[in-house]
1. What full-extension length gain, to one decimal in nm, is calculated for GLU10 and ALA202 as 0.36 nm per residue of separation minus the Cα-Cα distance?
2. From the phi of every residue in region 184-189, what ³J(HN,Hα) in whole Hz does the Karplus formula 6.51 cos²θ - 1.76 cosθ + 1.60 yield, where θ is phi - 60° and glycine or proline is x?
3. Which whole-number percent of Cα pairs in the chain have a distance greater than 23 Å?
4. Show me the ranking of peptides 8-15, 151-158 by mean Cβ neighbours inside 10 Å, starting with the highest.
5. What is the magnitude of the charge dipole of region 122-176 about its Cα centre, with +1 placed on the Cβ of each Lys and Arg, -1 on the Cβ of each Asp and Glu, and no other charges, expressed in debye to the nearest 20?
6. About the Cα centre, and with charges only on the beta carbon of Lys, Arg (+1) and Asp, Glu (-1), how big is the dipole of region 64-212? Nearest 20 debye, please.
7. Could you give the nm distance between label points at ALA227 and ASP91, where each point is 7 Å from its Cα heading toward the beta carbon?
8. Nearest 0.05, what FRET efficiency do ALA57 and ARG25 give at R0 = 35 Å with Cβ-Cβ as r?
Amino acid sequence: MGKLWELSDEVLLPDLPPPYTISERNLWGSRVRNKRYIGFLQASPRAKPDPVAAEFAADPRRKVFWQVSGPPKTRGPFLEKALEVSRKLSDRFAIVVTAGDPTAGSAPKEIAGGWRMGWCREPAAFFSACDVVVSRAGHGTISQAIMASKPSLLVPIPRQSEQEGNADKAERLGVSTRVGQDELSPETALEKLEELLRGGAAERAARLGEYASRFNAAEDIYGTLAATAG
């Protein structure tokens, strides 16, 4: 990839500039000079309202959006953890769990503590409605949480170095805390969620989210391509 970058007239990086770069472990070692940070790439929000998201937002309990993602082999154990936590902590939190399966339906099913859906078609609505996100540590999910100004509990895919690096940086920025999948239990989840909700992470996430919102990656990409073509 580095060789391709060296042949490029300009390299646009969909991340925040230093010192806020989430994927610094992958990007900061590059010696390519013509690179530019353009902020996070985000999907355009859909206009159609989501009734489950509205009901979730109105729930008086503190709200957790638990987004399972990744390869099928790693989704199963993480989903099991999510459902166990939702069941055990239903008196403290309203939890929406999305199983991250694009082949599954999006119809919500009520579970102890909240709702479960195979695939979430309107994740932006749930990022907006929740108080805290629980997810893997992929760059896209972390960027969604930051853009929504939400703190996050990150559970990297075991032995996945990119996610480990992302989680480490988000934790150092003070907007996330991380926990290993083997350590995750209702007890550790409660401890980490309480820590995030009362320890200033929400305020730091709001400030970082405001900074991230100043960028428009799609517009920057379009403008760069148009200038190159013209």
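Laboratory data are not the source of any read-out in this text; all were calculated from the coordinates shown. What you see is a predicted model, and the numbers here were worked out from it, not measured in a lab. All Cβ positions, glycine included, derive from the backbone under ideal geometry; neighbour counts span all protein chains shown.
1. Values: separation 192, 0.36 × 192 = 69.12 nm, distance 3.52 nm.
Working it through step by step, the gained length comes to 65.6 nm.
2. Those phi angles translate into 6, 8, x, 5, 5, 4 Hz.
3. Numbers: 12916 of 26335 pairs.
Counting every Cα pair in the chain, those more than 23 Å apart make up 49 percent.
4. Details: 8-15: 16.0, 151-158: 24.0.
Order by mean packing, descending: 151-158, 8-15.
5. On the way: 5 positive and 6 negative charges, 13 e Å.
Dipole magnitude for region 122-176 comes out near 60 debye.
6. The dipole of region 64-212 has a size of about 240 debye.
7. Simple spin-label model gives 5.9 nm for this pair.
8. Numbers: r = 35 Å, r/R0 = 1.00.
It comes to 0.50.
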